[in-house]
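K.L.:
Could you have a look at this structure, given as structure tokens, before my questions?
The values are calculated or read from the model by the stated rules, or taken from the named source; none is laboratory data. All figures in this text were calculated on a predicted structure; none of them were measured in a lab. In this analysis, Cβ positions are derived from the backbone assuming ideal geometry, glycine residues included, and neighbour counts consider all displayed protein chains. With ligands, DNA and RNA removed, areas are computed over all heavy atoms of the protein, side chains included. Shrake-Rupley method; radii C 1.70, N 1.55, O 1.52, S 1.80 Å.
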Amino acid sequence: MAQRYQLLIRDRHGFERTIPLARSVTVGRQSLCDVVLSDNMISRNHLRLELQDDTWWAEDLKTTHGSFCNDKPLGRMAWEPGTPLLLADGAYTLTLVRTDHSSSEIHLQAILDAAQLLAQEVDLEDMLEQSLDRLLSISGTDRGFLMLLEDGELASRVQRNLGQELEGAIQLSMSSVHKVFETGTPIWILNVAEDGQLRSQHSIQRLELKTILCLPLLLQGRRIGVVYLDSRRPIIEPPDRQTFEAIVSLCAIAIERTRLSEENLRSHVLATVGQVASSIVHDFKNGLFVLRGHADLLELSTEDAKVRHHCRKILECVDRLTHLSQDVLDFAKVREPRRETVDLRPFFDAIIEPLVPRAAEMGVLLRAEGPACLIKLDPGRFTRVMENLLANALDATVGISGEVLVSWVQVTGGVQVRVKDQGRGIPKRVIKRIFEPFFSYGKKKGTGLGMATVKKIVEEHGGTLEFISEEGEGTEVVILLPDHPITGTIKLSDESTGEHRNLGAERV
């Protein structure tokens, strides 16, 4: 039986991968090396691994940060399997591993290793990390990423050795990735130099890619995502294609199983919230009502400044707990909007007015701007939407002078409402979870139900909600209410005053 070897590579962060070894190789930072280690501590040509008469020799190529074996500087030495080599003060650890398996045994072991993912109980992020690490290790590639289909679009969820700007790192390959997902046809190129069409493309030359593997994540014929792997060197001993496609399918099953498990857990949590809301929150609000009444009476019945101060603190706390209780109730119940004819100008003015002093103290201009517009909506429920959005906008501008603008405009089939701030902005990873119940970002006392409630109320109105945000450039929330606004000359009556606290308008 032929003797087989693998090179086990472990970086300073604990990420491991293995590369089959069948011939002498050069290890270094530059892309022309057989094994590329992308760390600035590694020299361009760092280490030579040479096979002579079934003996491996390791030689440091006079590097700046050195190579070490048993804490001693490495010159040239016979390298025994199992003996670790430390490169550049521990930036990488290399270990030679002997494998006495036939090709079929290696393939079977790779499938069994991947199948272990199915037995693990981890969250989705960990499952994606483990799946990509496993595919990199089995394929022997250097870099890669995994994307899942979310809200009708492919979204990058995990990547390795590509930096923050995924699009810039693999420009041409991104278009190839989308094509693979759309058609379900894999890309399997073990040496770009042998593919004339790809070799002629500029971005492939610029990135000096040698190996490109891109496969769809398929589950019962349904595409749930795509995995992309590449390398700046030809793979020394490429994986069997059928075996690797089977392993990718196992990863797809494990990922979808984990995702469905999380969705079931989330549904259970939401059901629990509903039970708690119906059995506790109403009684809790009744207690808060009594507490507020007594605090109000105490404040009115005394001239003592200290007592009045403490009464105001009690009332502030009661308001916060009442707000929290209402968030739970709003989220737990599905309600049909009690629509009334509302004029948006006085409606938004009334909501903004009590917030203006707080905004002014922060150095923020809070204002509303838009044409006269009548629309049918549930004023009480939609006030909750605006209060949550404006509270978030003001929180985002703490320490930043600027403007928070509420604007609206009539569009075909409805009205578009925008809330725009010039605050810190929201990271893309957070935007993906912004409507997730109990997820809170940037608030020490946040309940995690504010934005989930906003989305729920907007959808109860048949509307849609969109976040547009970049870190450091502020956030804009766009709401589309699919109601036919009343056009022409607006004559306000008792039924359409725009005062959201005293609307005695028609019910529909």
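K.L.:
At 0.36 nm per residue, and after removing the present C-alpha to C-alpha distance, how many nm does the segment from Arg433 to Asp126 gain when stretched out fully?
P.N.:
Result: 108.9 nm gained on full extension.
K.L.:
Then there is this: Beta carbons within 10 angstrom, averaged per residue: use that to sort the peptides 374-385, 180-191, highest first.
P.N.:
Final packing ranking: 374-385, 180-191.
K.L.:
How many nm separate the modelled label positions at Leu8 and Glu403, each set 7 Å beyond the Cα in the direction of the Cβ?
P.N.:
6.2 nm
K.L.:
Something else about it: Placing +1 on the Cβ of each Lys and Arg and -1 on the Cβ of each Asp and Glu in region 346-404, which of Pro346, Leu365, Ile375 has its Cα farthest towards the positive end of the resulting dipole?
P.N.:
In region 346-404, that residue is Ile375.
K.L.:
May I ask you to derive the FRET efficiency for Glu459 and Glu16 from their Cβ-Cβ distance with R0 = 41 Å, giving the value to the nearest 0.05?
P.N.:
0.35
K.L.:
For Val411, Val226, give the ranking by accessible area with the largest first, probe 1.4 Å.
P.N.:
So, going from the largest accessible area down, we get Val411, Val226.
K.L.:
Another question, if that's okay. Please work out how much accessible surface Tyr5 shows to a 1.4 Å probe, ignoring ligands, DNA and RNA, in Å² rounded to 10.
P.N.:
10 Å²
K.L.:
Filter the cross-link list Lys179/Lys456; Lys420/Lys455; Lys179/Lys432; Lys285/Lys456; Lys179/Lys210 down to pairs whose alpha-carbon distance in this structure exceeds 26 Å.
P.N.:
Table pairs above 26 Å Cα-Cα are Lys179/Lys456.
K.L.:
Considering Cα pairs under 8 angstrom that are at least six residues apart, work out the relative contact order of region 1-91 and quote it in whole percent.
P.N.:
Averaging sequence separation for qualifying contacts and normalising by length gives 20 percent for region 1-91.
K.L.:
Rank these residues by their accessible area, most exposed first, probe 1.4 Å: Glu369, Glu353.
P.N.:
Glu353, Glu369
K.L.:
Something else: Kindly state, to the nearest 0.05, the FRET efficiency for Thr93 paired with Glu50, given R0 = 22 Å and r defined as their beta-carbon distance.
P.N.:
For R0 = 22 Å, the calculated efficiency reads 0.65.
K.L.:
Counting only protein chains, not ligands or nucleic acids, how are Met41, Met451 ordered by accessible area (probe 1.4 Å), most first?
P.N.:
The residues order as Met41, Met451, largest area first.
K.L.:
If packing is taken as the mean number of other Cβ atoms within 10 Å per residue, what is the order of 460-467, 138-145, 243-250, highest first?
P.N.:
Order by mean packing, descending: 138-145, 243-250, 460-467.
K.L.:
For Ala305 and Ala360 in the same chain, what is the full-extension length gain: residue separation times 0.36 nm, less their Cα-Cα distance, in nm?
P.N.:
Residue separation times 0.36 nm, minus the Cα-Cα distance, leaves 17.2 nm.
K.L.:
Continuing with this model, one more query. Measuring from label point to label point, each 7 Å out along Cα→Cβ, what is the Arg367 to Arg312 span in nm?
P.N.:
Label-label distance for Arg367 and Arg312, simple model: 3.0 nm.
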